[in-house]
Amino acid sequence: MAASARAAMAGLHFLLVPLVAQGHIIPMVDLARLLAARGARATVVTTPVNAARNRAAVESARRAGLDVELAEIAFPGPGLGLPEGMENVDMVVEREHFVAFFQSVWKMDAPLEEYVRSLPRRPDCVVADSCSPWAAGVCARHGIPRLVLHCPAAYYLLATRNLAKHGVYDRVADDLETFEVPDFPVRAVGSKATFRGFFQWPGVESLQRDVDDAEATADGLVINTFRDIEGVFVDRYAAALGRKTWAIGPTCATGFDADAKAGRGNRADVDAGRIVSWLDARPPSSVLYISFGSIARLPAKQLIELARGLEASGRPFVWAVKEAKSDADARAWLAEGFEERVRDRGLLVRGWAPQVTILSHPAVGGFLTHCGWNATLEAIAHGVPVLTWPNFVDQFSSERLLVDVLDVGVRSGVTVPAMNLPPEAEGVQVLSVDVERAVAELMDEGPEGAARRARAKEIAAKARAAVEEGGSSYADLTDMIRHVAELSETRRHERDASAVAALPAAPDL
Ligand code: UDP
């Protein structure tokens with residue numbers, strides 16, 4: 001980096017305010033590392049439970065000499081009737097807590113305000129998650145420049161924006177009526193169920209207005225993606241919003257040491273070294289990794305079909321099963337005797353898995369994924385072809401991008417979110433025979449599988465190049481920081497000018 005650019009960045013202080021969800025905190029902590037690597041200071045502001053989960057990742061960044069830190073602010077949940085400590089979306093299992101959880105999130109502005117007031121010096125910029133629009137008022141009151149970070153794909157952002165703008169959501173008869181996304185760079189067909197907005201749920205719809213307002217008034221937009229795969233969607237979205245927009249990802253493609261990889265988002269419920277040894281003993285590209293991210297939970301019968309299909313596939317696998325933390329849970333959620341029967345070739349991680357440690361291992365040749373955007377980027381950045389199994393909101397869009405646009409995936413056959421299935425389906429839409437077929441197709445060693453693997457490796461090389469010096473995401477981040485440096489300076493002058501204007505006039509002598 002040029003000395004002048006580094007000088008502009010040195011001394012800048014960023015406050016990063018993620019939504020309290022794993023898929024939002026993890027990329028925000030990544031962004032903190034990236035900013036600190038450019039000479040800035042970055043403080044991730046989150047609640048005590050989430051700070052504890054991410055402390056190891058932040059400590060490892062500090063050991064690497066990066067000026068990254070965590071700041072804790074209270075979560076207002078208990079005041080709204082939520083259990084003490086329920087501070088992350090992945091802890092909300094009961095439906096009745098869902099609305100109160102987001103109402104609590106929206107009340108985080110008061111603790112953020114208190115924290116900002118306690119600082120000896122005004123920060124130069126707040127980067128707030130698109131789902132943290134309540135940070136906008138705090139920034140406005142203190143004259144702090146504010147950027148919005150989007151955690152889903154630009155594909156999804158543009159599609160849902162166009163659907164809302166053209167009134168498609170209001171026109172359809174029900175969740176399942178199909179339509180084509182208007183004014184979109186590629187042909188994309190789906191339904192409201194598979195193009196649902198983040199806050200298109202009963203009880204939280206009104207929050208979307210705040211999200212839209214905060215985005216429309218932001219000093220710029222940051223998207224965790226890269227131009228080689230999403231350039232056209234990023235440009236069209238930036239043009240539609242009329243705001244400066246930077247594609248700075250994939251944040252997961254920047255170098256992590258073994259500790260930082262294993263501690264991403266939480267302490268793993270298994271020794272990462274044990275998984276690595278297990279994978280070391282397998283041939284390259286032979287293992288399937290299975291995870292549904294931090295939130296999605298499969299209906300019990302569907303989980304059993306999946307287990308049977310994996311067993312019938314005969315392939316080695318690592319499966320992160322958060323539904324089966326205890327032995328009793330494992331018996332209830334997995335096929336009877338499953339764990340015993342697959343012992344020689346199946347490794348179950350009961351709880352939080354060190355996902356990037358696994359995906360970056362050469363023995364892993366396929367990823368059965370729920371298509372969360374972070375999981376999608378992690379697969380892309382590590383060149384692992386995917387078996388797509390979306391569950392809700394943006395995950396169906398990520399599936400389309402992976403399979404229809406990038407051609408690095410095979411569909412499992414899921415067509416709608418489980419809540420849109422008829423009751424007689426009992427939550428099942430992929431039978432064990434379909435799982436077996438899809439796994440065979442994905443892990444195929446013939447020409448089709450080889451071509452898919454080669455495409456995935458090619459895109460991974462582009463992802464890494466994008467975040468390295470000279471790459472498009474690297475350049476976008478440089479431009480973003482420069483923009484913040486200028487804005488911060490302008491705001492300081494404005495504050496000084498209004499402070500002078502507020503002074504009493506000097507008496508005539
Ligand atoms: N993750 C992990 N271990 C797990 C489950 C998830 O490290 O056992 C990480 C995963 O690598 C990703 C994030 O948690 O970075 C989940 O975000 P994503 O967007 O993939 O899905 P979500 O959990 O938001 O549905």
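Since every read-out is calculated from the coordinates, none of them should be taken as a lab result. Quantities reported herein were computed from a predicted structural model and do not represent experimental measurements. Cβ coordinates were reconstructed from backbone atoms using ideal geometry, including for glycine residues, and neighbour counts include every protein chain displayed.
Spin-label pair Ala216-Arg141: with each label point 7 Å from Cα along the Cα-Cβ axis, the two points sit 2.3 nm from one another. Between region 212-257 and region 336-357, the C-alpha centres lie 36 angstrom from each other.
Here is the size of region 385-509 from its Cα atoms: Rg then Dmax, 26.9, 94 Å.
In the structure shown, the pairs Lys192/Lys244; Lys107/Lys301; Lys261/Lys322; Lys261/Lys462 are assessed against 26 Å; a Cα-Cα span above that value is assigned to Lys192/Lys244; Lys107/Lys301. Note on region 381-437 and region 141-178: Cα centroid distance 22 Å, given to the nearest whole angstrom. If the chain linking Asp407 and Ser118 were pulled fully straight, counting 0.36 nm for each residue of separation and taking away their Cα-Cα distance, it would gain 99.0 nm. Here the sum of -39500 (n - 2.57) over DSSP H runs of 4 or more residues, divided by the residues of the chain, equals -13500 deg cm²/dmol at 222 nm, to the nearest 500. The spacing between region 20-89 and region 456-492, judged by their C-alpha centroids, is 22 Å.
Computed about its Cα centre, the charge dipole of the chain is approximately 920 debye, with only Lys, Arg, Asp and Glu carrying charge at their Cβ. Across region 335-437, Cα-Cα pairs farther apart than 17 Å form 60% of the total. Taking the average, over residues, of other Cβ atoms within 10 Å as the packing measure, peptides 61-70, 247-256, 301-310 rank 247-256, 301-310, 61-70 from highest down. In this label model, Ala505 and Val189 are separated by 7.3 nm, measuring between points 7 Å along each Cα→Cβ vector. Counting only the backbone N, which residues of region 128-142 are under 13 Å from the spot 7 Å out from the Cα of Glu494 toward its beta-carbon? The answer is 139-142, whose backbone nitrogens lie closer than 13 Å to the label point. Multiplying the residue separation of Asp235 and Met419 by 0.36 nm and removing their Cα-Cα distance gives an extension gain of 62.9 nm. Packing around the peptides 82-91, 131-140, taken as the average count of other Cβ atoms within 10 Å per residue, puts them in this order, highest first: 131-140, 82-91.
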